[in-house]
Structures are given as C-alpha cells and as structure tokens.
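Student: Have a look at the structure that comes next, please.
Each reported figure results from applying straightforward, stated rules to the coordinates on display, with no laboratory input. All of these numbers come straight from a predicted model, not from anything done at the bench. Note that we place each Cβ from the backbone using ideal geometry, even for glycine, and neighbour counts take in every protein chain shown.
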Amino acid sequence: MEQGTISKVSGPLVVAEGLTNAKMYDLVRVGKDRLMGEVIEIRGETASVQVYEETTGLGPGDPVFFTGEALSVELGPGLLASIYDGVQRPLNVIRDKVGDFITRGVEVSGLNREKKWEFKPTAKVGDEVSTGDILGTVQETVIIEHKIMVPPKVKGKIKEIYAGEFTVEEPIAVLEEDGREHKVKMLQKWPVRRGRPYKEKIPPDEPLISGQRVIDTFFPVAKGGTACVPGPFGSGKTVIQHQLAKWANAEIIIFIGCGERGNEMTDVLMEFPELKDPYSGEPLMKRTVLIANTSNMPVAAREASVYTGVTIGEYFRDMGYSVALQADSTSRWAEALREISGRLEEMPGEEGYPAYLGSRAAAFYERAGKTICLGKDEREGTLTVVGAVSPPGGDLSEPVTQNTLRVVKVFWGLEDQLAYQRHFPAISWLRSYSLYMDETEKYWTEKVDPEFKKLRADAMAILQREAELKEIVRLVGIEALSVNERILMETARSIREDFLQQNAFHEVDTFTSLEKQFLMLKDVMHFHEMALEAVEKGVPIKNILDAPIRERISRAKFLKEEEIGKLKDLFKDITSQFKTSNVRGEQYA
Ligand code: ADP
C-alpha cells in the first residue's frame, strides 16, 4: 500500500505529501488510527484530504495510507431499517463496539457480514445476463423485496445460481464470459460521488402523492422530481419532511438529517423508529434508510452524507422502486462545504461559500429522476429529492437558497407570518411554485376528475385576487369593495382555512386522498358560485355569510376517507339551500 506523510493539519483537513498515485475522491487512511479520509484536491505530489473523523492528535510526519479505492457505499440486503452516519457506518454497531461516543478509526462495514439472507433465484442457468438484470430476490423486510441485480460492468452467461441462505459476501451465482468466471455476490460497492448508471432518463409525469392538500393540489412534486423547502426556524420544515416520509406514496424513504444542534437530530433518531407506515401498518423503518449527522460529528462527514444517501437512493431506484429522498437541512451541508473550502484557502465566493456551491448543489439534485433502469425488463424507477434549506433569518436571497432554487423545480416557500397565525402548513400560496403542473395535471384529469385543472386555476385566481383586495381594504376600508368582491374575500378565507390549513397531528386531517382534495375544493368553489348568483338576485350578503351550510364546509376536512360520499351530498345540499331559500332558510321569490 502506498504511503504518504502528513505535512499539515487544519481542522478536518489534512495535507499529505508523497501520494503519487492518488486521484480525486480516493479513500485514504490517515494516521496511526487509520482515520477515514477522502482526497479532495491534488497539486503535484501534494494531496489535500478531508477527514471524516476528529483529527486532534494528528500532526506532521504521521503516515497516510493510500487505498486506491474511491469513497464508496456498500449496497445489498441490510440497508433498510439502518441508521448510518455520513460515511455509512451503522450507528448501533459503532455503539455496540465502542460505546456512546464515537471513537476514532472504528472500522465497521455498512452491511452486516454475518447475517444470512434467503436468496430466491429468478434467473436460471444458461441465461445471458448483464448489468441490471435481476438474478433473484431477498425478502429484506416484511414490506420490501430486495432485487439482486447483476452489478455494473459485469455480464456473462449464468453457469451456476444457488438458492438458499447466504451472507452478502458469499457467491449466489457464477457467470461465465469468454471462458472467464465471475462470482456474483449480493454485496455491491459504488463510489458515492458518481451517479449510478441507467438506460435512459424520462420526464417525470406522475405526482408524488403526499396527502398534503396545499402540495398535491397547488404545488405538486412529480415522482422523480426535485423540490426545496426553505423556511425560517420554526416554520414547519421538519413537520413537512416527516409528513412526506410518512405519507408520500414512495416505496422507499431515505432521510438524511444534518442537525445544527445535537438534540434536533436526536429527535429524529427517537421519532423515526416509532413512526408507523400507514400503508402496511408495519414500522416505517422497514422501508427507510436513515442517515444521521449529529452535531458532534465532523463537518466533512456531513459533506459526504448527502452523496451516501443519494447513492443508496439510486440503488433502490435501479430495482424499479419509487424512492423519496429528503435532506434536512442542506444548509448544514453547504456550511460544511464552506468550512472545507476555507481551509483549502480557495477563493471565497458569495458569503464565503465556494464558487462551486451552485455546481455541487446541481450535481446533487440532478441525481433525481425517473429512469428506465438497466436490465432486460426495462423497469422504471424514480428518485425524488426534497431538500430543506434553513436560510439565516429566513432571508431567501442568501446563496444556498438561491443556488438550490436554480436547480429544483418545486419551491414550497414557508412563511413565519403564517406560522405565527398557526396557519399550517405555512406554505405560501402566493410565492410557492411547481413546474410539474402540466405533467401531473394529466394524472389528476385521468385518475381523479377532468374538471380538476379549471378548479385549481379558479381557486388560485381567487387567492391571488384576495391579496390585491386586501391591499385596497387596508388603504380605504372594506366599504370600498363591491358585493362580488366581498364574496370573493370570504371564499378566499374559506380556501385558506377550510382547504389549505391542515393539521399534521389530527388523525384524519393528516392525510387527504386526491379524490377527497378535489371534492373538498369543489364544494368550496360551488358555494362561491352559488353565492355570486344569489347576490346578483338581490339576496343580502349577510344572509350568505351566515349560511348554516358553511359550517359543514369547514368541517369537511374531518370526514374520513370512507365518508367522502358525504362531500358529494354537501355539493347537492349547497345547491338546494341556495335554490330553495334565501340561504338562511327563509324562502325568496
Ligand atoms: P422547523 O423545522 O422549520 O424549525 P418544525 O417543523 O419543527 O419547524 O415546526 C414547528 C412547529 O410548528 C411544530 O412543532 C408544530 O407545532 C407546528 N407545525 C408545523 N407544521 C404543522 C402542521 N402541518 N400541523 C400542525 N402543526 C404544525
């Protein structure tokens, strides 16, 4: 093994001389404790290494060992339900080995080497297979079947394939190519900084259903798409990420936590294992991989964690699954990048962030997508990436938010003003946007209702008009509004309170199916149209505002999914109340 020598140590950064064969992103072992590190800059024979463990005690003259491998993750059965640090070391294994405080140089592998998995072959002797073809399956957890694929750059004719219980390192098949044999194991490795190969990327066209009304109806993200949730502290970023993890109709969840304060991450570590998967009733962890960076872990590990997460996500995508990856928050990742860049003495860009912040953010989000995977069956997989950003002071003009907005296609803008008013989710309906409207509209139209597009557009127009009218009211008072405008203001309030506001902690309200979302909004808008007609006929506005049926509209969100037929009854009752009476129950001509 080639060996170099440390010439300088600066926090998580170590400069080493004499690593003549080193390449960018190669893995090295630093010092006598063999701390894990990665080459991030090369100048002649001098290599800068970011170290994923505490560097205290290292000094000039200490050895650096070159491994010749790139920083990689281990892929195979055993990923699900794992809780890893930023460089895929399972936290529970480290704890069992060395106690609560992570000591340095602990070598633990990402996947358990002893555990045996039952492999059921689906391919047979004689089959010609290549990268991505499925050889067989392992029931990894009660809910997820792990597909064992031919690893990248491998192909041949199956000479032998075994059924039975194997560890990830034992061969499950032997392939033959030009007289050479290749033993295939369930364990694969893949360098984290490089996207895994696929056949083709195709445009995302199906919504990732979150059950959150403001998201699904107004600002949908597509399966395979990208979204960003910037918001000041306390505005509800974490609740949104949890709601997505819990309710999104993705099969696999990858959650990358970069806590700023230690306890923030502890909350996630405590809460996640308790969450129940609403679709299967099993613990959510059975289809989740958690990557946790606590604040006492070195910054460099935080920098690597998003790549570790996205690579694991791509691997499940390759099996044909829909994967939702959430990173909370990417600002912590960017700060790690800034710190390392500072130590490399690179020319700082805006607010001290390196000039390549934008290209790094883009490279991360670009790994999302809907793909036709490698393999004969041309299966499709999706990887959706949602990043939270925590801009200091909620200022969206700061570099991390700006660089993220440049690459993602959905923006859920949280407003502390809304959070103060306890309007949750505090997603601004005026500033947020989604560039997947057209793609997902087709799905709504075909699967839910052809009227959806118009309904959504009408409701959004009312919300936008409300903002303008509010300004007028503020300046000259409510008297300045016409009766039609008064009705519009009331409808806008109803859209906000009866539809957009959604309590994540209410048993029923926490999730709303698309069909229920449609029917709820339709009732709100139906009342609006009937009200406009009524004022036209001279019904006093007060009668309309006092209409008892409005109470039923406001309680619609609490109707269980089995009861959504009642939303159709409500629609009819709105009509009849306006048709037969002056809305308060008295007849009018
Ligand atoms: P952040 O991560 O942005 O600091 P949190 O996600 O922790 O903020 O949210 C702060 C608080 O706001 C939560 O503890 C909760 O009380 C409230 N909250 C946020 N979203 C919702 C929601 N959808 N329903 C009910 N309460 C919410």
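Student: Of LYS286/LYS568; LYS223/LYS557; LYS201/LYS454; LYS237/LYS568; LYS157/LYS223; LYS147/LYS447, which ones are farther than 28 Å apart at the Cα?
Tutor: LYS286/LYS568; LYS201/LYS454; LYS237/LYS568; LYS157/LYS223; LYS147/LYS447
Student: Follow-up question, since we're still on this one. Would region 243-372 count as rounded, prolate or oblate if I go by the C-alpha gyration tensor, calling it rounded below 1.5 in a/c and otherwise prolate when a/b exceeds b/c, oblate otherwise?
Tutor: Cα axes put region 243-372 in the oblate bin.
Student: Would you mind working out the magnitude of the charge dipole of the chain relative to its Cα centre, with +1 at each Lys and Arg C-beta and -1 at each Asp and Glu C-beta, to the nearest 20 Debye? Please list the in-between numbers first.
Tutor: Details: 76 positive and 91 negative charges, 89 e Å.
Result for the chain is approximately 420 debye, rounded to the nearest 20.
Student: Here is a further query. I need to check one value: relative contact order of the chain, counting alpha carbon pairs closer than 8 Å and at least 6 residues apart, in percent.
Tutor: 13 percent
Student: Using per-residue counts of other Cβ atoms within 10 Å, averaged over each peptide, order 443-452, 282-291 from highest down.
Tutor: 282-291, 443-452
Student: 7 Å from Cα along Cα→Cβ at both GLU441 and TYR162: what's the point-to-point distance in nm?
Tutor: Each label point lies 7 Å from its Cα, and together they span 5.7 nm.
Student: Let me ask something additional. How much length, in nm to one decimal, is gained on full extension between GLU562 and ASN21, taken as 0.36 nm per residue of separation minus their Cα-Cα distance?
Tutor: 188.3 nm
Student: Right, next: Going by alpha carbons, how many degrees (0 to 90, nearest 10) lie between the helix axis of 565-580 and the longest principal axis of the chain?
Tutor: Its long axis makes an angle of about 20 degrees.
Student: How would you order 159-172, 35-48 from highest to lowest mean count of nearby Cβ atoms within 10 Å?
Tutor: Ranked by mean Cβ neighbours within 10 Å, highest first: 35-48, 159-172.
Student: While we're on this one: Determine which aspartates and glutamates satisfy two conditions relative to LYS116: a Cα distance under 19 Å, and not lying fewer than 8 residues away in the same chain.
Tutor: Filter leaves GLU74, GLU140, GLU145, GLU165, GLU169, GLU170.
Student: Antiparallel versus total DSSP beta bridges in the chain: what percent is that, nearest 5?
Tutor: Of those bridges, close to 70 percent are antiparallel.
Student: Taking neighbour counts of Cβ atoms within 10 Å as a proxy for exposure, in what order, fewest first, do ASP267, ASP523 appear?
Tutor: With the fewest neighbours first, ASP267, ASP523 line up as ASP267, ASP523.
Student: Among bridges DSSP assigns within region 247-358, what percent are antiparallel (round to 5)?
Tutor: 15 percent
Student: Working out 0.36 nm times the residue gap between ASP178 and GLN421, then minus their Cα-Cα distance, what length gain in nm do you get to one decimal?
Tutor: Here the answer is 80.5 nm.
Student: With the crude spin-label approximation of a point 7 Å out along Cα→Cβ, what separation in nm comes out for HIS506 versus LYS185?
Tutor: A separation of 5.3 nm, rounded to one decimal place.
Student: Going by how many other Cβ atoms sit within 10 Å of their own, how do MET520, MET489 line up, fewest first?
Tutor: Fewest to most other Cβ atoms nearby, the residues stand as MET489, MET520.
Student: Taking a ≥ b ≥ c as the square roots of the eigenvalues of the Cα gyration tensor of region 2-70, is the shape rounded (a/c under 1.5), prolate (a/b larger than b/c) or oblate?
Tutor: On the way: a/c = 1.45, a/b = 1.31, b/c = 1.10.
In terms of gyration-tensor shape, rounded.
Student: Please give the contour-minus-distance gain from ASP458 to ARG43: 0.36 nm per residue of separation, less the Cα-Cα distance, rounded to one decimal in nm.
Tutor: The ASP458-ARG43 span can extend by a further 143.4 nm.
Student: Let me ask something else. Hey, if you put +1 on the Cβ of every Lys and Arg and -1 on every Asp and Glu Cβ in the chain, which of GLN50, LEU383, PRO354 ends up farthest toward the positive end of that dipole?
Tutor: Value computed over the given set: LEU383.
Student: If contacts are Cα pairs under 8 angstrom and at least 6 residues apart, what is the relative contact order of region 262-366 in percent?
Tutor: Relative contact order, region 262-366: 18 percent.
Student: Next up: Compute the long axis of helix 452-476 from its Cα atoms, compare it with the longest principal axis of the Cα atoms of the chain, and write down the angle in degrees, 0 to 90, nearest 10.
Tutor: For helix 452-476, the angle is close to 70 degrees.
Student: Between region 380-427 and region 93-172, what's the alpha-carbon centroid distance in Å?
Tutor: Comparing the Cα centres of region 380-427 and region 93-172, I get a distance of 37 Å.
Student: How large is the charge dipole for region 2-70, taken about the Cα centre, if only the Cβ atoms of Lys, Arg (+1) and Asp, Glu (-1) carry charge, to the nearest 20 debye?
Tutor: Dipole about the Cα centre, nearest 20: 80 debye.
Student: What is the spin-label model distance, in nm, from LYS201 to GLU515 if the labels are put 7 Å beyond Cα along the C-beta direction?
Tutor: 3.5 nm
Student: Another question, then. Sort GLU335, GLU128 by Cβ crowding within 10 Å, fewest neighbours at the top. Please list the in-between numbers first.
Tutor: Details: GLU335 19, GLU128 13.
Neighbour counts put them in this order, fewest first: GLU128, GLU335.
Student: Put +1 on the Cβ of every Lys and Arg and -1 on every Asp and Glu Cβ in the chain; which of SER397, TYR315, PHE511 then has its Cα farthest towards the positive end of the dipole?
Tutor: Positive-end residue among those listed: PHE511.
Student: Within region 184-198, name every residue whose backbone N is under 17 Å away from a label modeled 7 Å from Cα of SER359 along the Cβ vector.
Tutor: Answer for region 184-198: 193-195.
Student: Now a separate question. Which of rounded, prolate or oblate describes region 456-589 when judged by the alpha-carbon gyration tensor and an a/c cut-off of 1.5?
Tutor: On the way: a/c = 2.28, a/b = 1.24, b/c = 1.83.
Here region 456-589 falls in the oblate category.
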